[in-house]
């Protein structure tokens, strides 16, 4: 199987970020297991999953569409992490580290979209 997504830094970073999210949410209250914890994890996993699906598509246009879906999941995750911070499930320092990572993945996705659009 050809796996073009594995050559993308955006995918690698997004997978690492999802792993980090899983570790952080392990410490959330048990009553959030089927609530916020689950939502956060789904959004985090959706980011690299959509990068991978897009990279496997036939056209550049389809790939860009899936990258935009990844950015949508990233925005969901941003909102969910803010809620977790306000509920004090995340400390300020931990939230800032996650937010920096989130912004890095966002910049990588935006750069990949620009690159694909510029390609002839």
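General observations
- Two-site label geometry, residue 117 and residue 19: point separation in nm, points 7 Å out along Cα→Cβ: 3.2 nm
- Computed FRET value (nearest 0.05) for residue 101 with residue 27, which takes r as the C-beta separation and R₀ as 22 Å: 0.85
- Highest-fluctuation residue, 14, 97, 55 considered, GNM on the chain with Cα pairs under 10 Å: 97
- Working note: Debye formula, equal point scatterers on the alpha-carbon atoms of the chain, no solvent; log10 I(q)/I(0) at q = 0.14 Å⁻¹ is -0.57.
- Each residue in 25, 12, 59, 79 was given a count of other beta-carbon atoms within 10 angstrom of its own, and listing them fewest first yields 59, 79, 12, 25.
- The share of Cα pairs per 10 Å bin across the range 29-88, counted from zero up to the longest distance, runs 24, 41, 22, 11, 1 percent.
- Sequence of 32, 96 once ranked by neighbouring C-beta atoms within 10 Å, starting from the fewest: 96, 32
Any read-out appearing in this document is the output of simple, stated calculations on the displayed coordinates, not a laboratory observation. Note that this is a predicted model, so its numbers are computed, not measured. As a convention, Cβ positions derive from the backbone with ideal geometry for all residues, glycine included, and neighbour counts pool all protein chains shown.
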